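One structure below.
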Amino acid sequence: MKQSFTWIGTKVGLAIVIVVLLRPLIDLMYNAASWIGGGLRAFFGTELGEDFWRLLTYALLIGICAAIGYIADRATKGT
């Protein structure tokens with residue numbers, strides 16, 4: 001029984017650490033998406049709302065992060 005409490009405590013602690021570490025990154029991503037989305041909206045026109053450009057920028061940033069993670073994963077495996 002003691003082992004299950006340790007396991008639960010570890011998972012809860014890990015979740016708290018992840019949330020604490022990710023919060024500034026999420027804020028930074030939101031600001032970057034707002035800034036880039038605003039620039040794209042100004043460049044391409046205002047027919048599409050700011051939310052569209054922000055979501056498009058989110059998708060781009062997530063895609064870039066996924067590509068970096070994939071490349072790093074492949075580099076560490078040596079294949």
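No lab work stands behind these numbers, since they all come straight from the coordinates. Everything numeric here is computed off the predicted structure, so don't read it as measured data. Methodologically, a virtual Cβ is constructed for each residue, glycine included, from the backbone with ideal geometry; neighbour enumeration extends over all protein chains shown.
What the table shows:
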item	result
Region 15-77: mean projected area of Cα convex hull, nm²	5.5
Arg41, Arg74 arranged by Cβ crowding within 10 Å, fewest neighbours leading	Arg74, Arg41
Neighbour-count ranking [beta-carbon atoms within 10 angstrom, fewest first] of Tyr58, Tyr30	Tyr30, Tyr58
